[in-house]
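This report refers to the structure that appears directly beneath it.
The values are calculated or read from the model by the stated rules, or taken from the named source; none is laboratory data. Keep in mind that this is a model prediction, so the values were computed, not measured. Cβ placement follows ideal geometry from the backbone for every residue including glycine, while neighbour counts extend to all protein chains displayed. These area figures cover heavy atoms from the full protein model, side chains too; ligands, DNA and RNA do not enter into them. Shrake-Rupley method; radii C 1.70, N 1.55, O 1.52, S 1.80 Å.
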Amino acid sequence: MKKHYALTLFLASIVIVAFAAVAGSGSTSDLPAPPAIGTTLDDFKLPDADGAEHSLKSLTGKNGAVIIFIATKCPVSNAYNDRMEKLAQDYKAKGINVIGINSNNTEPAAEVKSHAGEKHLTFTILKDDGNKIADRLGATRTPEAYVIDAGGKLVYHGRIDNAQNTANITSNDLRDALDELVSGKQVSKTGGAAFGCTIKRVS
Amino acid sequence: MSGRLAIFVVSLVLGLSFGLAAFAQVAPANAARPNGQALPVYLDLKRLINCKPPPICVVTRLGGHPVYFCDHQVVEALPVAQPCFSFARPESNIREIDLEGLKKILQRDPKDTRPLLINFWATWCDGCREEFPDLVKIDNDYRDKINFVSITLDEITEIKTTVPAFLKAMKAQMPVVLLNVKDPEPAIHAVDATWDGALPATYLYDKDGKVVFKYFGAIKPAELRNAIDKQVGSKP
């Protein structure tokens, strides 16, 4: 009887301690952590807005790729449409392909397609239903960029530049990283933070 | 008698029309506006006369592009078919802060033992607009128990236009500051090394300045209220 009492007490104390730990930490956003710089990303497959499947590997250029999480409705992402398209044009010739991913559950594939047409986005845009790839890469906002080299190794993760308004750009972080990658140098600034819209995940 | 009634009705209609014309300034919905110019708040007159809650369409500007949101929805452009009227803008008492100002808020006054709630938002952010009514309610309920600072990341050109118009529409009374920094990165890192700048973001600090709750995206009000209740030791 005494043994049972001690066991019950022990289990109860574990439950209390576990509960206190959860309660004490407060409610935080349960966001997956992004892969560390230097990690080789696993290949994945996603459909484009027409339903055609593409793998990350098949879309990666001879020098690498830029994955950018984008949105149709986020004004910050939209402020970068022209810059992203120019980026895709400029670096295609340098062996780096831009890949857009839309993970917002509020923006269906048809909307992604019409948005790309209206905004003249010619790079491949994939639809990440269920935000599986956003979860895998720990992406939280739009726009948010990931640069991989030809072998799929992550060399940059963060913002495109420091300012939504082109007149205020003083730090072209993503382009700087791509230039270093193309010229075979190690990327010196591997990330950067900027304000953006939260990715609308499935609840 | 009927003649007098007719004169009264005609006078009333004319009076109302002139009154509204004096109060409102007609503006084309899709008019191009130069950068930095004060932007008006648009109200749907038909719905206003019917005394329904006014669906305010706010125009903001991002990277040189106009962004419209009406009834919490971002729209590409204001409906051209609807008459749009520019109302007098409310006077702004929103303070502009820089990185040092932000650090001062985060450092807190050591004599102040109340928990601190900080919400980062912008009028262009749909999640921010979605959660704002809940934050206004929380401010109303906990005003005498916690400090609450609302920090907007709108562009400085919006400090006397879109931002106060939005706050007025929300009936918000909490202190609001506009963070104006050329590079957002140092400010984001000053708040939280794990935050990458996704908006909205909400932080609750205890009396010692320790983060006891943080949430990225539109808050779940019950969760935030529970966290506040734990700090203040009671429900409002």
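Pairing chains B and A buries close to 2600 square angstrom of accessible surface in total, based on protein heavy atoms and a 1.4 angstrom probe.
Spin-label model, A:Asp42 to A:Lys119: label points 7 Å out along the Cα-to-beta-carbon direction sit 2.9 nm apart.
Checking the Cα-Cα distances for A:Lys113/A:Lys153; A:Lys127/A:Lys153; A:Lys73/A:Lys119; B:Lys168/B:Lys207 against a 20 Å cut-off, the pairs over it are A:Lys113/A:Lys153; A:Lys127/A:Lys153; B:Lys168/B:Lys207.
Take each residue in B:222-234, count the other chain C-beta atoms within 10 Å of its C-beta, and the mean is 1. Placing R0 at 25 angstrom, the Cβ-Cβ distance between A:Ala150 and A:Glu53 gives a FRET efficiency of 0.70 after rounding to 0.05. Taking every residue in B:182-192 and counting other chain Cβ atoms within 10 Å of its Cβ, the average works out to 4. Each part gets one Cα centre, and for the stretch B:170-233 versus the stretch B:123-149 those centres are 10 Å apart. In whole Hz, with x marking every Gly and Pro, tabulate ³J(HN,Hα) for the stretch B:216-223 from phi via Karplus 6.51 cos²θ - 1.76 cosθ + 1.60, θ = phi - 60°. Per-residue couplings from phi come out as 9, x, 5, 5, 9, x, 4, 5 Hz. Across peptide B:114-124, the average count of Cβ atoms from other chains found within 10 Å of a residue's Cβ is 1. Placing a pseudo-label 7 Å from each Cα along the Cα-to-Cβ vector at B:Lys103 and A:Gln186 gives an inter-label distance of 2.9 nm. The distance between label points at B:Asp208 and A:Lys62 comes to 6.0 nm (points 7 Å beyond Cα on the Cα→Cβ vector).
What does the charge count around A:Ala163 come to, taking other residues whose C-beta lies under 12 Å from its C-beta (Lys +1, Arg +1, Asp -1, Glu -1)? Around A:Ala163, the surrounding residues sum to -2.
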